[in-house]
Amino acid sequence: MTKTKLDPNQMDLKYPIGTFSMPNDFSTDLLDHWIQRIERLPFELGQTLYNVEPSKLDATYRDGSWNVRQLVHHLADSHMHGLTRIKWALTEDQPEIKTYNEVKWSSLPDASDLPINISLKWIEGIHTRWTYLLRTLSEDELSRTFYHPQNKVNVSVYEQCGLYAWHGDHHLAHIRIALKNGGKH
């Protein structure tokens, strides 16, 4: 994927809620907030996409971006990986995760053609299991890590929780922008 410079307006659309920033210190209040965001995402997606005309699913939030359908399927794919990575960290000693090419995944027929209700149900199931698991973890378990070979960093379960709370909100904002603008930039 080639990176191009975006004008400031396009940059605001790329990161409508800002970029993720990991705090330095552990906070149970922040963890609770993240878990609530992960838990709430399926409901908010459902509310946002309720009775949306199928033609609106082709809308994009900025030039060259994924459309609404691809964003929903991407959330299912990505959050499946997010939960799996946490489970690896909890059950193995600093496992090295497998990365995936999310751009290529989003162009496969299941992401470009399949009705979104399939992934909405999947997201609901993943998030139900994910939040249940996160609420049972001790601080020691939250500090367990996996190794991300593409980014060359160890990621804690705690950090993964924050990153995916942000990730869900990030793409939910994209979906809302695309639906509001109807793909017009």
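The values are calculated or read from the model by the stated rules, or taken from the named source; none is laboratory data. Every value quoted in this text rests on a predicted model; they were computed, and no experiment measured them. For neighbour counting, all protein chains shown are included, and Cβ atoms are generated from backbone atoms with ideal geometry for every residue, glycine included. Just so you know, the surface numbers come from the protein's heavy atoms only, side chains and all, with ligands and any DNA or RNA stripped out. Shrake-Rupley method; radii C 1.70, N 1.55, O 1.52, S 1.80 Å.
Is it the case that some residue within the stretch 111-124 is surrounded by 15 or more Cβ atoms within 10 Å (Cβ to Cβ), within 19 Å of Leu31 (Cβ to Cβ), in contact (Cβ under 8 Å) with a residue 12 or more places away in the chain and within 16 Å of the chain's Cα centre (by Cα)? The answer is no; no qualifying residue exists. Checked against (1) surrounded by 12 or more Cβ atoms within 10 Å (Cβ to Cβ); (2) over 29 Å from Ser138 (Cβ atoms); (3) in contact (Cβ under 8 Å) with a residue 12 or more places away in the chain, Ser78 passes all but a single condition, namely (2). Might you let me know whether the stretch 147-158 holds any residue that is within 14 Å of the chain's Cα centre (by Cα) and among the hydrophobic types (A, V, I, L, M, F, W, C)? No. Checked against the criterion of being open to solvent by less than 80 Å² (accessible area, probe 1.4 Å), within 25 Å of Thr131 (Cβ to Cβ) and of a type outside the set (A, V, I, L, M), the stretch 46-55 contains one or more residues that satisfy it. Residue count for the stretch 136-158 satisfying the condition of being crowded, with 19+ Cβ neighbours inside 10 Å and among the charged types (D, E, K, R): 1. Would you check if there is a residue in the stretch 163-184 being open to solvent by 30 Å² or more (accessible area, probe 1.4 Å) and assigned to a loop (DSSP other than H, G, I, E, B)? Yes: one or more hits. Contact annotation: residue pairs with Cβ atoms under 7 Å, 6 or more positions apart or on different chains, pairing a residue in the stretch 92-103 that is of a type in the set (S, T, N, Q) with a partner that is open to solvent by 60 Å² or more (accessible area, probe 1.4 Å) and not in a loop (DSSP other than H, G, I, E, B), are Gln94/Tyr147; Gln94/Asn154.
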